[in-house]
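*Asks:* Take a look at the following structure, please.
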Amino acid sequence: MIVYELRCAEEHGFEGWFRNSEAFDQQADCGQVECPVCGSTEVRKAPMAPRIGKGAAELEAAQRAHDKLGELCRQVEQKCVYVGTDFAEEARKIHYGEVEQRDIYGEASAEEAESLRDEGVAFAAIPWVNRDDA
């Protein structure tokens, strides 16, 4: 497990946990790393001080956090309807009462997420843990 300090195009700073350096590169290249503040997928590694001599307790805490995030993703999959790339459109329909209220999840671009925020549509972005990463 590796932890990176990350920055988005809007200069929001956040931390990202990845299986290894290659996993970050692959996810970032595919637009799967998203700023939790603005939803931007233009994310890069920020300069950071190295963490030397991680103890077992710190590694166990990182694994627990990863496991909890994986459980959250599993619960979302079980309790919500997957709408794929139609997320922004479906969220608007629900917000404006055009369709019956239901819990949904899916993907939205940074621009779509910003537009939803501007319209006052309530939603949350969570870092997704794929089953093969869990």
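*Asks:* Could you figure out which of (1) closer than 29 Å to E111 by Cβ; (2) surrounded by 14 or more Cβ atoms within 10 Å (Cβ to Cβ); (3) modelled with pLDDT under 90 isn't true of S21?
*Replies:* (2)
*Asks:* Further question: Does the range 46-61 contain any residue that is part of a helix (DSSP H, G or I) and touching a residue at least 60 places away in the same chain (Cβ under 8 Å)?
*Replies:* If we filter the range 46-61 for residues that are part of a helix (DSSP H, G or I), which is where we start, we get 56-61.
Still in the list and also touching a residue at least 60 places away in the same chain (Cβ under 8 Å): none.
No; the residues of the range 46-61 include none that is part of a helix (DSSP H, G or I) and touching a residue at least 60 places away in the same chain (Cβ under 8 Å).
*Asks:* So, of the residues in the range 74-94 that are more than 20 Å from E111 (Cα to Cα) and among the β-branched types (V, I, T), which turns out to be surrounded by the most Cβ atoms within 10 Å (Cβ to Cβ)?
*Replies:* Out of the qualifying residues, it is V76.
*Asks:* How many residues does the range 95-134 hold that are touching a residue at least 24 places away in the same chain (Cβ under 8 Å), touching a strand residue (DSSP E or B) at 6+ places or on another chain (Cβ under 8 Å) and surrounded by 13 or more Cβ atoms within 10 Å (Cβ to Cβ)?
*Replies:* Number of matching residues: 4.
*Asks:* Output the residues belonging to the range 88-110 that are closer than 21 Å to F14 by Cβ and in contact with a helix residue (DSSP H, G or I) (Cβ under 9 Å, 6 or more places away or on another chain). Outline the logic, then answer.
*Replies:* Kept after step one, since they are closer than 21 Å to F14 by Cβ, are these residues of the range 88-110: 105, 107-110.
The answer is Y105, E107, A108, S109.
*Asks:* Here's another thing I want to ask about it. Here are the criteria: (1) under 16 Å from W128 (Cα atoms); (2) loosely packed, with under 15 Cβ neighbours inside 10 Å; (3) touching a Phe, Trp or Tyr at 6+ places or on another chain (Cβ under 9 Å). Tell me which single one E71 does not satisfy.
*Replies:* Only one criterion is unmet by E71, namely (3).
*Asks:* Let me ask another. Out of all the residues in the range 19-42, which are among the hydrophobic types (A, V, I, L, M, F, W, C), closer than 19 Å to H66 by Cβ and within 12 Å of the chain's Cα centre (by Cα)?
*Replies:* The first filter runs over the range 19-42 and keeps only residues among the hydrophobic types (A, V, I, L, M, F, W, C), leaving 23-24, 28, 30, 33, 35, 37-38.
Filter again for closer than 19 Å to H66 by Cβ, leaving 23-24, 28, 33.
Listed by number, the residues that qualify are A28, V33.
*Asks:* Looking only at the range 1-29, which residues are touching a Phe, Trp or Tyr at 6+ places or on another chain (Cβ under 6 Å), without any contact (Cβ under 8 Å) to a residue 24 or more places away in the chain and assigned to a strand (DSSP E or B)?
*Replies:* I2, F18
*Asks:* Also, I was wondering about something else. Being farther than 22 Å from R7 by Cβ and of a type in the set (S, T, Y) narrows it down to one residue among S115, S109; which is it? Spell out how you get there, then give the answer.
*Replies:* Values: S109 fails: farther than 22 Å from R7 by Cβ.
Every option except S115 fails the conditions.
*Asks:* Okay, moving on. Within the range 36-56, is even one residue over 19 Å from E107 (Cβ atoms) and acidic (D, E)? Don't jump to the end; show me each part of the working.
*Replies:* If we filter the range 36-56 for residues that are over 19 Å from E107 (Cβ atoms), which is where we start, we get 44-56.
When the remaining residues are screened for being acidic (D, E), the result is none.
Within the range 36-56 (the criterion being over 19 Å from E107 (Cβ atoms) and acidic (D, E)), the answer is no, since none of the residues qualifies.
*Asks:* Is it the case that the range 33-41 has a residue that's of a type in the set (G, A, S), within 17 Å of E15 (Cβ to Cβ) and surrounded by fewer than 12 Cβ atoms within 10 Å (Cβ to Cβ)?
*Replies:* Filtering the range 33-41 down to residues of a type in the set (G, A, S) leaves 39-40.
Restricting the remaining residues to those that are within 17 Å of E15 (Cβ to Cβ) gives 39-40.
Remaining after also requiring surrounded by fewer than 12 Cβ atoms within 10 Å (Cβ to Cβ): none.
Looking through the range 33-41, none of the residues is of a type in the set (G, A, S), within 17 Å of E15 (Cβ to Cβ) and surrounded by fewer than 12 Cβ atoms within 10 Å (Cβ to Cβ).
*Asks:* Then there is this: Do any residues in the range 63-84 that are assigned to a helix (DSSP H, G or I) have Cβ atoms under 8 Å from those of residues that are surrounded by 10 or more Cβ atoms within 10 Å (Cβ to Cβ) and among the hydroxyl-bearing types (S, T, Y), where the two are at least six apart or on different chains, and which pairs are they?
*Replies:* V76/Y105; E77/Y105
The values are calculated or read from the model by the stated rules, or taken from the named source; none is laboratory data. None of the values given here were measured: they were computed from a predicted structure. Backbone-built Cβ (ideal geometry, glycine too); neighbour counts: all protein chains shown.
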